[in-house]
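Peer 1: Below you will find the structure I want to go over with you.
The values are calculated or read from the model by the stated rules, or taken from the named source; none is laboratory data. This one's a predicted model, so the numbers in the text were calculated from it and none came from an experiment. Virtual Cβ from ideal backbone geometry, glycine too; neighbours counted across all protein chains shown. Ligands, DNA and RNA are stripped out before the accessible areas are found, and what is left, the full protein with its side chains, is counted by its heavy atoms. Shrake-Rupley method; radii C 1.70, N 1.55, O 1.52, S 1.80 Å.
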Amino acid sequence: MANGNFTRVTEFILTGVSECLDLQIPLFFVFLVIYGLTVTGNLSIITLTSVDSRFQTPMYFFLRHLAIINLGNSTVIAPKMLTNFLAKKHTTSYYECATQLGGFLVFIVAEIFLLAVMAYDRYVAICNPLLYTAVMSRQVCFLLVSLTYLYSFSTAVVVSCCVFSVSYCSSNVINHFYCDTVPLLALSCSDTSFPETVVFISASTNLMFSITVVVASYFNIILSILRIRSSEGRKRAFSTCTSHMTAVSVFYGTLLFMYLQPRNSHSLDTDKMASVFYTLVIPMLNPMIYSLRNKDVKAALRKFLTN
């Protein structure tokens, strides 16, 4: 695109999931189905937990916001990605790229912290059931979710501004299917040490804090469950958090796989595949994870569909 080394970039080219021309149409239909299932599943969770009186509890309040976040995260990525499968030029403008990065960061950081909030909710429900209503009041739930969104938005603004504060000239081909921090900074023609430091500190701090809350919560949950004498009581207590444990394991497992790879085997192509999973596949799977093992959700969904 550029004619010289000092030509400022006004648009970027996304390589996409694959550069193989023969795969563009098949991949379009694969990801169209994934996005369709994501929209359907998450909208169903949002609708059911909003209109059904059985779901007016803290657990379902947080689940509704997880569905909103999953839907938002997928919608920031998927429509542009699907368009590029069919377009001859996979371009995105400078400001469109910045907006997409900001949107992605808002939802991914919000998901990281909301999963920690949901783990704390399960900890209070199982370890302190008599205090659950008081501790997880409507005001507290609203405050926790509000702080999650406020922090994620602040993080997105700071990180996006740092990433786009550096100069981009000549090279404008992003080896990714959306605008992300690492492939973007790899294109910069100026010193990227400061934004790289900000990205590293932000990502590591967010992950470590969230994982610490999740691990501490489930450590205490497991201890409490083991103290329950009846096997039926243990089974019932464990069933209330298995869905969340599954979602947490899948989500953090993907992120840790990406961040804990040795540098000599780390590649942007590997990041790309991991990104497909946590931006598109996990938002599709979460509604299934939370509904397949939940009798109330399945019953409410059947009732909703038959009415």
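Peer 1: Mind counting the residues in segment 17-29 that are surrounded by 14 or more Cβ atoms within 10 Å (Cβ to Cβ) and free of Cβ contacts under 8 Å to residues at least 60 places away in the same chain?
Peer 2: 4
Peer 1: In segment 207-255, which residues are aliphatic (A, V, I, L, M), open to solvent by 20 Å² or more (accessible area, probe 1.4 Å), assigned to a helix (DSSP H, G or I) and modelled with pLDDT under 85?
Peer 2: Matches in segment 207-255: Leu226, Met245, Val250.
Peer 1: From the list Tyr149, Tyr132, Tyr95, Tyr123, which one is among the aromatic types (Phe, Trp, Tyr) and within 21 Å of Val9 (Cβ to Cβ)?
Peer 2: Tyr95
Peer 1: Could you please let me know if Thr99 is open to solvent by 20 Å² or more (accessible area, probe 1.4 Å), free of Cβ contacts under 8 Å to residues at least 60 places away in the same chain and under 24 Å from the mean Cα position of the chain (by Cα)?
Peer 2: Criteria met by Thr99.
Peer 1: Using beta carbons and a limit of 8 Å, which pairs, at least six apart or on different chains, have the first residue in segment 160-187 and more than 16 Å from Thr92 (Cα to Cα) and in contact (Cβ under 8 Å) with a residue 40 or more places away in the chain and the second one assigned to a loop (DSSP other than H, G, I, E, B) and open to solvent by 10 Å² or more (accessible area, probe 1.4 Å)?
Peer 2: Short answer, once both residue conditions are applied: Ser167/Ser188; Ser167/Cys189; Ser167/Ser190; Ala186/Asn175.
Peer 1: Give the residue that is surrounded by the most Cβ atoms within 10 Å (Cβ to Cβ), with candidates limited to residues of segment 120-130 that are free of Cβ contacts under 8 Å to residues at least 60 places away in the same chain and within 18 Å of Tyr218 (Cα to Cα).
Peer 2: Val124
Peer 1: Search segment 76-95 for residues being open to solvent by 40 Å² or more (accessible area, probe 1.4 Å) and free of Cβ contacts under 8 Å to residues at least 60 places away in the same chain, and hand back the single one that is farthest from Leu147 (Cα to Cα).
Peer 2: Residue satisfying both the conditions and the ranking: Lys88.
Peer 1: Restricting the search to segment 198-229, which residues are in contact with a helix residue (DSSP H, G or I) (Cβ under 9 Å, 6 or more places away or on another chain) and among the hydroxyl-bearing types (Ser, Thr, Tyr)?
Peer 2: Across segment 198-229, the qualifying residues are Ser202, Ser204, Ser210, Thr212, Ser217, Tyr218, Ser224.
Peer 1: What tally of residues in segment 32-75 results from selecting those that are open to solvent by less than 20 Å² (accessible area, probe 1.4 Å) and under 30 Å from Phe12 (Cβ atoms)?
Peer 2: The number of residues fulfilling the criteria is 7.
Peer 1: Taking the conditions exactly as written (open to solvent by 30 Å² or more (accessible area, probe 1.4 Å) and modelled with pLDDT of 90 or more), does Val163 satisfy them or not?
Peer 2: In short, no.
Peer 1: Still on this structure: The conditions are (1) in contact with a helix residue (DSSP H, G or I) (Cβ under 8 Å, 6 or more places away or on another chain); (2) among the aromatic types (Phe, Trp, Tyr); (3) touching a residue at least 60 places away in the same chain (Cβ under 8 Å), and Phe153 fails exactly one of them. Which is it?
Peer 2: That leaves (3) as the condition not met.
Okay, residues lined up against (1) within 30 Å of Pro129 (Cα to Cα); (2) part of a helix (DSSP H, G or I):
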{"residue": "Ser18", "(1), (2)": "no, no"}
{"residue": "Leu23", "(1), (2)": "no, yes"}
{"residue": "Leu27", "(1), (2)": "no, yes"}
{"residue": "Leu48", "(1), (2)": "yes, yes"}
{"residue": "Gly72", "(1), (2)": "no, yes"}
{"residue": "Ala78", "(1), (2)": "no, yes"}
{"residue": "Leu82", "(1), (2)": "no, yes"}
{"residue": "Phe104", "(1), (2)": "no, yes"}
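Conditions tested, residue by residue: (1) touching a Pro at 6+ places or on another chain (Cβ under 6 Å); (2) of a type in the set (Val, Ile, Thr).
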position: Ser154; (1), (2): no, no
position: Val163; (1), (2): yes, yes
position: Asn172; (1), (2): no, no
position: Val182; (1), (2): no, yes
position: Pro195; (1), (2): no, no
position: Ile201; (1), (2): no, yes
position: Ser224; (1), (2): no, no
position: Gly233; (1), (2): no, no
position: Ser249; (1), (2): no, no
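Peer 1: Can you pull out every residue in segment 166-206 that is among the β-branched types (Val, Ile, Thr), within 18 Å of Tyr151 (Cα to Cα) and open to solvent by less than 60 Å² (accessible area, probe 1.4 Å)?
Peer 2: Val198, Val199
Peer 1: I've got another one for you. Residues in segment 143-187 that are closer than 18 Å to Asp271 by Cα and not in a helix (DSSP H, G or I): how many?
Peer 2: Number of matching residues: 10.
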